[in-house]
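The values are calculated or read from the model by the stated rules, or taken from the named source; none is laboratory data. Since the model is a prediction, treat every value here as computed from it, not as a measurement. Don't worry about glycine lacking a Cβ; one is built from the backbone with ideal geometry, like all the others, and counts go over all protein chains shown. Please note that ligands, DNA and RNA were not included when accessible areas were found on the heavy atoms of the full protein model with its side chains. Shrake-Rupley method; radii C 1.70, N 1.55, O 1.52, S 1.80 Å.
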Amino acid sequence: LETSYRFYGFLVVRVEQGQGFAPYEPFLQNFANSITITLENRWQRKRLETANAKLNVHRDHLEDLVEERTEALNAVNAQLRDDIINRKRVEEALQESKKFFSDTLNDMLTFVAVLQPDGTVIFVNNTPLDVAGITLDDVQGKMFYDLFWWQYSEEARQRIKDYIESCASGETLVHDIE
């Protein structure tokens, strides 16, 4: 009893003397084939059951992994949502603070400028801008000591440049420039 790729065993038939085997040969061949097919089906079914059992174990493990990772991703997403909400709140508070200080500085009648440490203009209040007939965009990003307000005197310009360098090194200065 065998298939092209698996051997199952032998079928032994006893034939009495005097009886010919030839008339029974087709029946016995069919019988042997039926037994072989039955054994092959059982063997294939057993292999399939074993493979399905292994597949189920792997699928269950995979489902557990997916569930764990989904929980982790949900936790990270929740943290990101909280971070975004907090960042928006901070940005709103910062915008309110900027508006408050801008409004406060713009209400002052004196010349107020906010500079980067190298002297680049960040902000100038409206009083000197209105007097000069210009806007903040006209001076923002330019070197403070190069602006037209100081063009009347190279000495005043140099003094402002020196003051900026002193402040950039950590010194606090309060000076009026005429």
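List of remarks:
- Residue list for region 143-152, filter: more than 15 Å from residue 176 (Cα to Cα) and not hydrophobic (A, V, I, L, M, F, W, C): 146, 151, 152
- Of the helices (runs of 4 or more DSSP H) contained entirely in region 103-178, those carrying at least 1 residues that are open to solvent by 60 Å² or more (accessible area, probe 1.4 Å) and touching a residue at least 24 places away in the same chain (Cβ under 8 Å) fall at 154-168.
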